[in-house]
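The values are calculated or read from the model by the stated rules, or taken from the named source; none is laboratory data. Please read all numbers here as calculations on a predicted model, not as lab measurements. Neighbour counts are summed over all protein chains in view; Cβ atoms, including those assigned to glycine, are modelled from backbone coordinates with ideal geometry. Heavy atoms of the whole protein, side chains included, go into the accessibility calculation; ligands, DNA and RNA do not. Shrake-Rupley method; radii C 1.70, N 1.55, O 1.52, S 1.80 Å.
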Amino acid sequence: MHISEGVLSPAILIGGTVLTTAGVAIGLKKLDQDEIPLIGILSAAFFVASLIHVPVGPASVHLVLNGLLGLILGWKAFPAILVGLALQALLFQYGGITTLGVNTLNMALPAVICYYIFRQGLGKNAKRSVFALSAFFVGFLAVFFSGILVGFSLYFTGEAFLPAAKIVVLAHVPVMLIEGILTSACALFLRKVRPELLEGIYV
Amino acid sequence: MFKNIIHLKMHEIKKSRLWHMVCLIFIFFLYASPVSAHRATIFAWIDGDTVHTQSKFSGGRKAVGAQVEVYDANGHKLLSGKTDNNGDFSFKLPKKTALKIVLQAGSGHHAEWKISAEEIEEASGKKAFYEEKNPKVAVNSSQTAETDPIEESPKKIVTLEYNELKKMIDESLDKKLAPIIKTLADIYNRGPDIRDIIGGIGYIIGLVGIALYVANRRNKN
């Protein structure tokens, strides 16, 4: 999921950086002072999630957790993911500094999209089963869309789109399932114990 | 948070089954794989006139069947190949210039290793030394043995021994150093350790602190 330095063309890098800057700006504008610690905690969770890896065939894929961030934070997932990715690039050399913009966009945009698609199903008065299923699809589809965006990024740099996207998406199918279950479980748990954390969805 | 989980379990054992499963999955992955994830690395070293490379994903998984491309200092592609089942790929030195070895592990995974011209000069110079000088010295000593055995031969014999000795030392050093080079490659390719993780979390806490500080000040003003 992390695209390393020296793979993408400058046009893509600049485009990704511009769009990410816009996303982060929107996120910061919507940011409330009370939410800062919450964003910090979720950013830390995102930062560490990449270390939990799932072996798939010859390669290995890791948890992303962007769906969970999108579900709780909405647009504010952009700054949270940016911080997590920047630290991963600096400390683990996952991705890179020049690809930070593209990588953030690839992971945060699907989070925001899923947030808007499944907002209804995650509402306060939604049935438990509907709520659980919506949360599952937020986790599942956020990773799926990320895979497609990675495929797109590689496509614009010269790799054929379908094979590139197929490899990324297929490799992440187990992660999608695990993320879906995890997101669903976390959302159900929060609804029960800390419903105020999910208030962002109802606004 | 854990108290809450226990609370939940006591009261609604059925509903918490899902939670149970998720916790188990989490713990399974935490233990099944030590700290590991997704970054590709390549490590290369010269042995005589051969360049060996070793490619891995961080966490120690070998990059099998990945594309390795070799470029010279001007960016011209010299050769390319695929890694074997151990993630290794070796090739003969094509040219005496600085080399840039690029690993393309697919799906945006990309790594580089550079070898400077001096390093190559030194390694290939060593080889040329044996090939060119030794026969010449041997011819000289056989000639001198016929013409002037007393004056010339002790000196020539010394050079011959010096060459042989140097070759022997180099060979045995290569052999002895091989495991150390392997270890270096492993260290270079290793994944993030606990210090990196704690450090990263520390940074995030620090950022939260700064953000809260700024927000607080703005409120006061």
One residue from A:Gly84, A:Gly70, A:Gly40, A:Gly95 being at positive phi and outside any strand (DSSP E or B):
A:Gly95
Within the range A:101-119, can one find any residue that is part of a loop (DSSP other than H, G, I, E, B) and open to solvent by less than 30 Å² (accessible area, probe 1.4 Å)?
no
For the structure I just gave you, tell me whether B:Lys136 is open to solvent by 90 Å² or more (accessible area, probe 1.4 Å), modelled with pLDDT under 80 and touching a Ser or Thr at 6+ places or on another chain (Cβ under 7 Å).
no
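In the set A:Ala185, A:Ala142, A:Ala171, which member is within 13 Å of chain B (Cβ to nearest Cβ) and at pLDDT 90 or above?
Every option except A:Ala185 fails the conditions.
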Can you tell me which condition A:Gly200 does not meet? The list is (1) facing chain B (nearest Cβ under 10 Å); (2) in contact (Cβ under 8 Å) with a residue 40 or more places away in the chain, and all the others hold.
(1)
Is it true that A:Glu179 is acidic (Asp, Glu) and open to solvent by less than 10 Å² (accessible area, probe 1.4 Å)?
yes
For the range A:28-48, does any single residue satisfy the condition of being buried (at least 21 other Cβ atoms within 10 Å of the Cβ) and away from chain B (no Cβ under 12 Å)?
no
